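Where a number appears in this text, it was derived from the coordinates with a stated rule and is not lab data. Note that this is a predicted model, so its numbers are computed, not measured. Because the Cβ atoms are built from the backbone with ideal geometry, glycine has one as well, and the counts that use them run over all protein chains shown.
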Amino acid sequence: MSDELKLTILKTLAAKGSIEDTAVTFKNVSSETVLGAIKSLESQEMVTHKTLTTEVWSVCPEGQDQLDNGSYEARIFHAVPAGEQGISIDELKAKFGAVANLGQGKGFKNKWLKKSGDNIVRLVDSIVDQTKVDLEAVLATGAHENKETIKELKRRNLIAPTKTFSYSVAKGAKFSTELKKLETDLTEDMLKGDAWKTAEFKQFNFDALGLSPRGGHLHPLMKVREEFRQIFFEMGFEEMPTNNFAESSFWNFDALFVPQQHVARDLQDTFYLSDPAEATELPDFWKTVRDVHVKGGYGSIGYRAPWSEDEAKKLVLRTHTTAVSSQILHKLAQEPYRAAKYFSIDRVYRNESVDATHLAEFHQVEGIIADKSMSLGRLIAFLDVFFKKMGITTIRFKPTYNPYTEPSMEIFSWHNELNKWVEIGNSGMFRPEMLRSLGLEEGVQVAGFGLSLERPTMIRCGIDDIRQLVGHKVDRNTIETDPACRLDKKTGKEVKVGAE
Ligand code: PHE
């Protein structure tokens, strides 16, 4: 805001007592600029103002075109050569399109032109382009002395009524001809001395429109993930590092006693890496794992099937986060015995064809509990508490098969709206031959469970197509514009805060 304009306003007021109409006093300054200066002075009570509204006529785009290039009738008149021959109607049409018809009509009316057979000929030698003259008057003054002319120009869509604003200004309670620089902040320096006592502060403008905040709430998956994390932390779990998306088949399958002939290892189910295709080396206990696979051990008779080191080295995009759990358990085995609880929530990959309920990448929530006194009963009791914290109160289990756990249980939860049991996870007690090969001492039991993050999120948010949640079909717009939200523990429903 220029101080110059503000000073001019103050000086004019000092000299004349008031400004009747800023449109007259400040002809060359836009009304927005004038208003800005007035408002700034008004906030310091130096002036007061009233808005004056004036109805004026302004030239429309079509009118501007006729101002620039002549009216349609004038253009057509000049296109007709003098003499009896004139010009054919078809030629005019070809040259001027729709303008030809409009211009001819007006030309006939003005008695400039007439029809002669299929031709148009002139009736006069020269014309005055009155339409253009009238438009020039409107452009200069916003009005025209002849009311009929205004009516006609408006009918032809060449002009339209608009409002302009100007202001009358009077002296305010704290009028002065000097501009005061107002403080915007209470500073440390002011507080150290006495300056704060006399400082004058700029007023808050409570009418200012704030910037609307960018971005709504977290992605639903990240929200539910955060809730799971909090529950795990509450229950004493440590988070596993899951930043390696590529793992060797050894950690993803072999260490978990998934036989090398298992269907899950097929190309159709697992993404194998091509470059690099193999891990450079296997961990030092790989021979123990191989022997238990081939010949058995730790109470197991093994798979009695061939086992190849090359197969174990193949790199895969991890198909489950249990590939991380196996490594954490191996690390845990290097320390003196202690009970431990770990969890992870991260992406896994499966070579699935994508549909409304399947994705080639999704998130797994996984927990493992290592304890000498761990048992299936304790796992069931734990899962009961865990899911209750998520608002899932009724769960039940069904025996199932996992290569790495025995016994294994699928976890089902009662879904009120669907009125049926839905599978929400998988769990079990890790096999002794797996745990002993990883180096865990005799007597250490490990329970584990896993579930997808997408399934509970979809149930909570009422989403029925997983592709709306993950991948390229996610509508970024809803994520940016959604209001803040939390998940209601009692109903399991998303509660939007600030949505009403
Ligand atoms: N890895 C299993 C899955 O992908 C889940 C699981 C984890 C099961 C740990 C048992 C123990 O479904």
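Here are a few things to note about the model shown:
- In this structure, the residue pairs whose Cα-Cα separation is over 25 Å, taken from 6/197; 111/163; 331/398; 109/132; 50/147, are 6/197; 111/163; 331/398; 50/147.
- Antiparallel bridges, percent of DSSP beta bridges restricted to the chain (to nearest 5): 95 percent
- Values of log10 I(q)/I(0) for segment 221-494 across q = 0.07, 0.08, 0.12 Å⁻¹ run -0.26, -0.34, -0.77, by the Debye formula with one identical scatterer at each alpha carbon and no solvent.
- Here the relative contact order of segment 31-109, from alpha carbon pairs under 8 Å that lie six or more residues apart, stands at 26 percent.
- Whole-number D in µm²/s for segment 1-147 (Stokes-Einstein; Kirkwood sum over Cα pairs; 25 °C, 0.890 mPa s): 128 µm²/s
- At an R0 of 22 angstrom, the distance between the Cβ atoms of residue 114 and residue 146 translates into a FRET efficiency of 0.25.
- Normalised by residue number, the volume inside the convex hull of the Cα atoms of the chain is 335 Å³ per residue.
- Between residue 68 and residue 308, the distance separating the two model label sites (each 7 Å from Cα on the Cα→Cβ line) works out to 7.6 nm.
- Förster-model FRET efficiency, 22 Å R0, residue 24 and residue 177, C-beta, rounded to 0.05: 0.55
- Amide H to amide H distances under 5 Å link residue 52 with 166, 167, 168, where only residues 5 or more positions off or on other chains count and H is placed in the peptide plane.
- Principal-axis analysis of the Cα atoms of the chain puts helix 322-334 at an angle of about 50° to the longest axis.
- The mean sequence separation of alpha-carbon pairs under 8 Å and at least six residues apart, normalised by the residue count of the chain, gives a relative contact order of 13 percent.
- Mean Cβ count within 10 Å, highest first, over the residues of peptides 277-287, 3-13, 253-263: 253-263, 3-13, 277-287
- Note, ³J(HN,Hα) from phi for segment 366-375, Karplus 6.51, -1.76, 1.60, rounded to Hz, x at Gly and Pro: 9, x, 10, 10, 10, 6, 5, 9, 6, 8
- Label sites at residue 39 and residue 162, each approximated as a point 7 angstrom past Cα along Cα to Cβ, lie 2.0 nm apart.
- The chain: calculated mean residue ellipticity at 222 nm from DSSP helix runs of at least 4, using -39500 (n - 2.57): -10000 deg cm²/dmol
- In the distance distribution for segment 380-434, Cα-Cα pairs more than 16 Å apart total 44 percent.
- Tilt relative to the chain, helix 98-109 - C-alpha long axis, 0 to 90 degrees, to 10: 20 degrees
- Segment 119-254: C-alpha gyration tensor shape, a/c 1.5 cut-off, then a/b vs b/c: oblate
- For a modelled paramagnetic label at residue 56, 7 Å from Cα along Cα-to-Cβ, the residues of segment 131-150 in reach, with backbone nitrogen under 13 Å, are 137-144.
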